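Worksheet for the structure shown next.
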Amino acid sequence: LTMDLHAAQIQGFFDIPVDNLLGNPVFVDYYAKKFGSAVEDMVVVSPDVGSVARSRTFAQKLHMGLAIVDKRRQCEVMNVIGDVAGKDCILFDDMVDTAGSLCNAAKAIVEVGGARNVYACASHGLLDGPALERIAASPIQELALLNTLPTTFGEECSKIKYLSVAPMFAEAIERIYQEISIAKLFG
């Protein structure tokens, strides 16, 4: 069992059956409870063009709009595609390593797009190098991470919240052991 592989092709490198669970349902459940039905002024934001498909699926499940941060490499110019002005935004990514891209995207949707509040979530929090300092100094109100990796850093950042994937893995293991489909876990 794996969760949110960075590239689906990785499954092909195994010579045993691999089920790649998705963290999307955990985040959908968390934000549905956190914000309830107040979604008309909320937008899911893809921090880059490569995450658009994943972000679109997430936005549809929460009945929210979608925006994209478009980064131009020449001088790191950020453009926001979509309307985030005066709205609460959820940046949706698969992994946070040094948090540079995530924090730059958060800054862009506030400064360029005019977003009111920024929340972020990602399946895997590597949090290497300057990640904690960048997150603390960013306009991100809260960064929700799945507990797919052990936290190995010394000081906690008060903006980080961990969501447990243990119930999902436990149910997957039970279903596999009992030879029941795990398709329910992808809904």
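The values are calculated or read from the model by the stated rules, or taken from the named source; none is laboratory data. On a predicted model such as this, the values are computed, not experimentally measured, just so you know. Counting neighbours? That spans all protein chains shown, and the Cβs are built from the backbone with ideal geometry, glycine included. Only protein heavy atoms, including side chains, enter the accessible area calculation; ligands, DNA and RNA are left aside. Shrake-Rupley method; radii C 1.70, N 1.55, O 1.52, S 1.80 Å.
Beta carbons closer than 6 Å, at least 6 apart along the sequence or on distinct chains, pair a first residue in the stretch 33-55 that is over 14 Å from Leu91 (Cβ atoms) with a second that is at pLDDT 90 or above and not in a strand (DSSP E or B) for Val39/His63; Val39/Met64; Asp41/Lys87. Take the conditions crowded, with 21+ Cβ neighbours inside 10 Å, within 29 Å of Leu185 (Cβ to Cβ), in contact with a Ser or Thr (Cβ under 8 Å, 6 or more places away or on another chain) and aromatic (Phe, Trp, Tyr) and apply them to Phe27. Does it pass? No, not satisfied. Kindly indicate whether any position in the stretch 36-45 is under 23 Å from Gly125 (Cα atoms) and open to solvent by 20 Å² or more (accessible area, probe 1.4 Å). No: zero hits.
Of the residues that make up the stretch 50-64, is at least one part of a loop (DSSP other than H, G, I, E, B), open to solvent by 40 Å² or more (accessible area, probe 1.4 Å) and either within 18 Å of Ala144 (Cα to Cα) or in contact with a Gly (Cβ under 6 Å, 6 or more places away or on another chain) (or both)?
no
Cβ-Cβ contacts under 7 Å between residues 6 or more apart (or on different chains), taken from a first residue in the stretch 167-187 that is closer than 15 Å to Val28 by Cα to a second residue that is outside any helix (DSSP H, G or I), are listed as Met168/Leu21; Leu185/Leu21; Phe186/Leu22.
Asn117 satisfies every condition listed in (1) open to solvent by 50 Å² or more (accessible area, probe 1.4 Å); (2) without any contact (Cβ under 8 Å) to a residue 40 or more places away in the chain except (1).
Only one of the listed residues (Leu102, Leu149) is touching a residue at least 24 places away in the same chain (Cβ under 8 Å), assigned to a helix (DSSP H, G or I) and in contact with a Leu (Cβ under 9 Å, 6 or more places away or on another chain). That residue is Leu102.
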